[in-house]
Amino acid sequence: MADRKAELIIIGGGPAGLAAAASARKEGLQDILILERDTRLGGILNQCIHNGFGLHTFKEELTGPEYAARFIKQIEDEKIPYMLDTMVIDISEGEGGIKIVTAMNPKEGLFTIEGKAVILAMGCRERPRGALNIPGYRPAGIYSAGTAQYYVNIEGRMPGKKVVILGSGDIGLIMARRMTYEGAKVLCVAELQPYSGGLKRNIVQCLDDFDIPLLLSHTVVDIKGKKRVEGVTIAEVDENRKPIPGTEVFYECDTLLLSCGLIPENELSNKLGVKMNPVTNGAFVNESLETSVPGVFACGNVLHVHDLVDYVSGEASLAGKNAAAYIRGESGSDGYLINIKTENGVRYSVPTTVRTGNMPDTLTVRFRVGNEYRDTNLAVYLDGKQLMKLPKRVMAPGEMEQIILVKAKVNEILKDSDVSEHEIVIRVED
Amino acid sequence: MQDVTIIGAGVTGSAIARELSRLDLDVLVLEKESDVCEGTSKANSGIVHSGYDAKPGTLKAKFNVEGNKLIHELSKTLDFPFKENGSIVLELEEEGRAGIEALYERGKSNGVPGLRILEKDELLKMEPSVSSNAVCALYAPTGGIVCPFNMTIAFAENAADNGVTFKLDTEVKNIEKKTSEDGTNYYRLETSGGIIDTKVVINAAGVYSDVFHNMVSEYKLHITPRKGEYLLMDKMAGDLVKATLFQLPSKLGKGVLVTPTVHGNLMVGPTAEEVEDPEDTSTSAEGLASLFDKGAMSVEKLPRLTITSFAGLRAHEDGGDFVIGEVKDAPGFIDAAGIESPGLTAAPAVGAYVAGIVKDILGASEKKDFIDTRKGIPSMALASDEERAALIASDPAYAHVICRCELVTEGEIKNAINRTLGARTVDGIKRRTRAGMGRCQTGFCLARTIPLLAEALGVDEEEIVKSGNGAYYIEGKIKDSL
Ligand SMILES: Cc1cc2nc3c(=O)[nH]c(=O)nc-3n(C[C@H](O)[C@H](O)[C@H](O)COP(=O)(O)OP(=O)(O)OC[C@H]3O[C@@H](n4cnc5c(N)ncnc54)[C@H](O)[C@@H]3O)c2cc1C
Ligand SMILES: Cc1cc2nc3c(=O)[nH]c(=O)nc-3n(C[C@H](O)[C@H](O)[C@H](O)COP(=O)(O)OP(=O)(O)OC[C@H]3O[C@@H](n4cnc5c(N)ncnc54)[C@H](O)[C@@H]3O)c2cc1C
């Protein structure tokens, strides 16, 4: 017997978890519980005090905490229960597909919660130095950009004064500006790829406006300093991303910030046996954002890394809505099964399958490209028939792309087909 | 006047201290770093070798086999992580079979129990991930894996619980042989913390042990630091192999090992490169790249799941063997020098042996109240749900997660700080509890560990260091320098 019960258990109280909860409630679901390991709701947004959030959702520029506050208010107004300081350590399936979530907090100790459906909304973490294989010493002064952001924005402390940033992910770009504002000297941002990993607007507003050089096709090849960072050596890389001998330049600095990619935090999903997409490190999901384990949904950065929180909120609302339908027993799977295949520059898609019986009138499919493309097209085919061909001036790995599938159009092509499985292909074309 | 002073709180010095703490003696350990286990003992393969490798008749062979037996026992009495996972030496080329047979014979004459030659079929049955190039292998069932930090810390803590004093952040600068008025010999140690006079000196200074030896003896030692680099991989790769896989040295070089660690990660290493600077523990691009290629010779499907890399320094003495014993022309000065591999395995045996020498020199007697057990820090990650509930009942801080990757709680961190020889640095917490050892490598827990340390030590967060003086994390408040 579990210690508690809730029809819908949401793991993570960041923007994804909050939007999912609010939307499930809008669908009439009463018995919801949000579990959050931090001491407040809002997730990573709490430390993103810069503005630029909510342009799509609210048509205004909010800071991270302001954006989060709008969703937290909905949770409070709707009296949706949540537990803070509560770490989920396990999810398993019991008899009849019932979900059992194990969590702990200092007030209640270790406890289990039984639920009908679970929404995974655990966000993501930053790739560490070791995973980047940067040689050299291992002194203090090497931080993930997010850790530095926490120190500066939450604690009001400086992690260093003379900074080199490796990786042009958005957090790194934001931190280049933040550290400069707070009195540090940012020497440069080095990026291994020939293109930036972050949003164009962040490069302009966070680097160009402060004369911070962005060194594309460069990487850190050595770290000096036995106790604290004393400097790093940066070299140019060739087309195989291998350092070119003779191009090394030494930068004297006391801090190296890493902004080299985010990895969805799927330890719990893995334990549960959810099937993972090796490209996104997030779950494979269908049109309802349901994972390979029925009744377990995923949204936000735990599903795939987003650059804009607005998209997180939208996606999460859909997950909340679908979880509510699942609990009501309304997720029949009649209709056809469509597998979405990505190729020719398109790296992955979310979702990867569509059950036409559950498809909404319009379904957004999100994905990223693997390279920088100029003046190309995005082509989408269903069983070889072109559904659309969208001209694209620029596409880059740092900016998420999307297409919208229209149910009526899909049905028109598939109608009367006596094959149960079909295929949609998304690709970059000239 | 101090009875005994040990230079160096690595595994050797700590094991000696622990054995000496059985005796009625005033024992002092001097360590230049801010914690025990900051030298080679923190950066090695963590293998408890079975003993087939060392040349018969050497000190390495003798202490390896004895040490292996002792660690099996001590891991229980002193509560540190150890697992007898077995060692396998792979022969990857047909012509090398003779090498495996020679190793088998060597092991037998060293007294290694249970050795067996595995043919390909049996090998692949035991270790399905092993490369199909493997021809045959030597299997040593008593080989094991240990947490080198917690073993060293366990020895040191138990020594301290039995009255040994540890002076950290204290560097020995010079040693002088002295004679007192009554004609007895003693040694004067000049340290960063003042002068210390002592009847017996034990030189367990790792890569610096030749320096101290040479200060008192005409028979010079010479140590060359030999660097070994490693890749440590995510726990997702941890069950790729069960045993520790070695490669038989061949014309391609010494080979690297692929092993699970006692905590369930996968480790590949070490390289071997002589260096000048005895503090040069940097890793290199070439080293790390070569490790992957060499590891893939043992396990073809080696995944690219590195979470960190590191390097350690072997204290290689020119003679090729451990140098252990009272120095001929320096009575009362005892070497435990040139302790390269299998020094971790040998440590408890070396400890007992050196304590025996001291006992004879000083005519010491056994203590009656010696405490021979020590309890480690509980681990929420490893505990059963019942044990977890009990820990939380004892202190709700055990329900407050600080390190998400390794599931380490505030309770464990407080325990690590508040115990005998408790952690004073972020690395000290990391090695005692595993907070920060997981796949995000402190990205999450750093900002949570620092305040706990600062509070417990009664200092500002700015004072908290990674591993010792100068290894600070925080440089003042925002806008300070505007
Ligand atoms: C530094 C940074 C800067 C950004 N800048 C912008 C920007 O300028 N504009 C923009 O639109 N977007 C920006 N984003 C993106 C946006 O903030 C994210 O996409 C959004 O926060 C993701 O929401 P989420 O809920 O999926 O994840 P998170 O916000 O990470 O929330 C996940 C929550 O789950 C909790 N959790 C995880 N595991 C557990 C567990 N086991 N038990 C209990 N709780 C758990 C976490 O504590 C966390 O609160 C930025 C992101 C970052 C990291
Ligand atoms: C790459 C590599 C792999 C290895 N793998 C294994 C293995 O798998 N199994 C195995 O059994 N062995 C292994 N070894 C060997 C083992 O790690 C060492 O033999 C052992 O750790 C040596 O311990 P130690 O205490 O003698 O030296 P250290 O751990 O180096 O301790 C010496 C201490 O002395 C201190 N010190 C030095 N100078 C001073 C001074 N002036 N004043 C005060 N203090 C001082 C240092 O700070 C240090 O803490 C390996 C070694 C290496 C390098």
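Quick notes on this one:
- Taking trypsin sites (Lys or Arg not before Pro) across the range B:393-482, the ones in a DSSP loop with at most 15 further Cβ atoms lying within 10 angstrom of their Cβ are B:Lys479.
- Taking every lysine pair in the range A:128-260 that is 8 or more places apart or spans two chains, those with Cα atoms closer than 21 Å amount to 11.
- Residue with peak Gaussian network fluctuation, chain A [Cα springs, cutoff 10 Å], from A:Thr280, A:Thr247, A:Thr364: A:Thr247
- Nonlocal Lys pairs with alpha-carbon distance under 18 Å, the range A:354-429 (8 or more apart, or different chains): 6
- At least 30 Å² accessible surface lost relative to isolated chain, residues of the range B:386-434 (1.4 Å probe): B:Arg388, B:Ile392, B:Pro396, B:Ala399, B:His400, B:Val401, B:Arg404, B:Leu407
- Comparing Cα centroids, the range B:374-438 and the range A:221-268 end up 32 angstrom apart.
- Each 5 Å bin from 0 upward holds the following percent of the Cα-Cα pairs of the range B:1-160: 2, 9, 15, 16, 16, 14, 11, 7, 5, 3, 1, 0, 0.
- With R₀ set to 22 Å, the beta-carbon distance separating B:Ser250 from B:Glu286 gives a calculated FRET efficiency near 0.65.
- Heavy-atom accessible surface of the range A:354-429: percent carbon and sulfur, 1.4 Å: 44 percent
- Computed across chain B, the Kirkwood hydrodynamic radius from all distinct Cα-Cα pairs reaches 23.3 Å.
- Residue ranges B:453-463, B:228-238, A:202-212, B:313-323 sort as B:228-238, B:313-323, A:202-212, B:453-463 when ordered by packing (mean number of other C-beta atoms within 10 Å per residue, highest first).
- Between A:Glu248 and B:Arg116, the distance separating the two model label sites (each 7 Å from Cα on the Cα→Cβ line) works out to 5.0 nm.
- The peptide list A:134-146, B:363-375, put in order of mean Cβ contacts within 10 Å with the highest first, becomes A:134-146, B:363-375.
- Look at the dipole of the protein assembly as shown built from charges on Cβ: of A:Pro15, B:Ala243, A:Leu207, the Cα furthest out on the positive end belongs to A:Pro15.
- Eligible lysines near B:Lys177 by straight Cα distance, threshold 28 Å, same-chain separation 8 or greater: B:Lys32, B:Lys167, B:Lys199, B:Lys220, B:Lys328, B:Lys359
- Oblate is the label for the range A:1-148. Its Cα gyration tensor axes, ordered a ≥ b ≥ c, give a/c of at least 1.5 and b/c at or above a/b.
- Taking a straight line from the alpha carbon of B:Lys120, these lysines sit under 17 Å away, with near neighbours fewer than eight places off in the same chain left out: B:Lys242.
- Within the accessible area of the range B:58-148, the carbon and sulfur atoms contribute 54%, probe 1.4 Å, all protein chains present.
- Surface accessible to a 1.4 Å probe, per residue, for the residues of the range A:34-131, Å²: 43 Å²
- Computed over chain A: relative contact order in percent, which uses C-alpha pairs under 8 Å that are six or more apart: 15 percent
- Chain A: DSSP helices with Cα axial extent of at least 15 Å and average Kyte-Doolittle hydropathy no lower than 0.0: A:15-26, A:170-181, A:309-327
- Mean projected area of the Cα convex hull of the protein assembly as shown, taken over all directions, amounts to 41.1 nm².
- Counting Cα-Cα pairs of the range A:197-321 in 10 Å increments starting at 0 gives whole-percent bin shares of 11, 27, 25, 23, 13, 1.
- Contact order normalised by residue count of chain B, Cα under 8 Å, 6+ apart, percent: 20 percent
- Note on A:Ser292 and A:Met1: the model spin-label points, each 7 Å out from Cα along the C-beta direction, lie 3.6 nm apart.
- About the Cα centre, charge dipole magnitude for the protein assembly as shown (Lys/Arg +1, Asp/Glu -1 at Cβ), debye: 900 debye
- Cβ-defined net charge surrounding A:Arg374, 9 Å radius [Lys, Arg +1; Asp, Glu -1]: 0
- Value of Rg to Rh for the range B:75-148 (Rh from inverse mean 1/r over Cα pairs, i.e. Kirkwood): 1.05
- Taking 7 Å steps out from each Cα toward its Cβ at A:Asn411 and B:Glu386 produces label points 5.8 nm apart.
- At least 24 Å along the helix axis (C-alpha) and Kyte average at least -1.0, DSSP helices within chain B: B:59-77, B:343-362
- In the range A:354-429, the alpha-carbon atoms span a convex hull of 91 Å³ per residue.
- Extension gain for the segment A:Ile154 to A:Leu55, taken as residue separation times 0.36 nm less the Cα-Cα distance, is 33.3 nm to one decimal.
- Three-way shape label, the range A:128-260, alpha-carbon gyration tensor, a/c 1.5: oblate
- Protein heavy-atom accessible surface, 1.4 Å probe, per residue over the range B:70-220: 43 Å².
- Once the C-beta distance of A:Glu230 and B:Phe370 is scaled by a Förster radius of 60 Å, the resulting FRET efficiency is 0.85 to the nearest 0.05.
- Shielding by partners for peptide B:304-314, expressed as the average number of C-beta atoms from other protein chains within 10 Å of each residue's C-beta, is 3.
- Exercise: per-residue mean of other protein chain Cβ atoms within 10 Å, A:156-167: 3
- Free-standing Cys residues across the protein assembly as shown, given no other cysteine C-beta under 4.7 angstrom: A:Cys48, A:Cys124, A:Cys188, A:Cys206, A:Cys253, A:Cys260, A:Cys299, B:Cys37, B:Cys136, B:Cys147, B:Cys405, B:Cys440
- With a Förster radius of 60 Å applied to the beta-carbon distance between A:Thr63 and B:Ala98, the computed FRET efficiency rounds to 0.25.
- Residues in the range A:69-114 occluded by at least 50 Å² - accessible area, probe radius 1.4 Å, against chain by itself: A:Met87, A:Met104, A:Pro106, A:Leu110
- Net +/- balance of residues flanking A:Ala148 in space, Cβ distance below 11 Å, scoring K and R +1, D and E -1: -1
- Area hidden from solvent between B and A (accessible, protein heavy atoms only, 1.4 Å, total, Å²): 4200 Å²
- Overall shape: rounded for the range A:120-195, with the ratio a/c of the largest to smallest alpha carbon gyration tensor axis below 1.5.
- Percentage relative contact order, the range A:211-317, counting C-alpha pairs under 8 Å, at least six apart: 15 percent
- Neighbouring partner chain Cβ atoms per residue of A:137-145, average, 10 Å criterion: 6
- Extent along the principal axes, Cα only, for chain A: 64, 59, 38 Å, with the longest axis given first.
- Accessible-area composition of the range A:154-234, carbon plus sulfur, in percent [1.4 Å probe]: 52 percent
- Sorted on the mean count of surrounding Cβ atoms within 10 Å across their residues, most packed first, peptides A:154-162, B:61-69 read B:61-69, A:154-162.
The values are calculated or read from the model by the stated rules, or taken from the named source; none is laboratory data. What you are looking at is a predicted structure, and each value in this text was computed from that prediction instead of being measured. Ideal geometry is used to build each Cβ from the backbone, glycine not excepted, and the neighbour counts take in all protein chains shown. Protein only, heavy atoms only, side chains kept; ligands, DNA and RNA dropped before computing areas. Shrake-Rupley method; radii C 1.70, N 1.55, O 1.52, S 1.80 Å.
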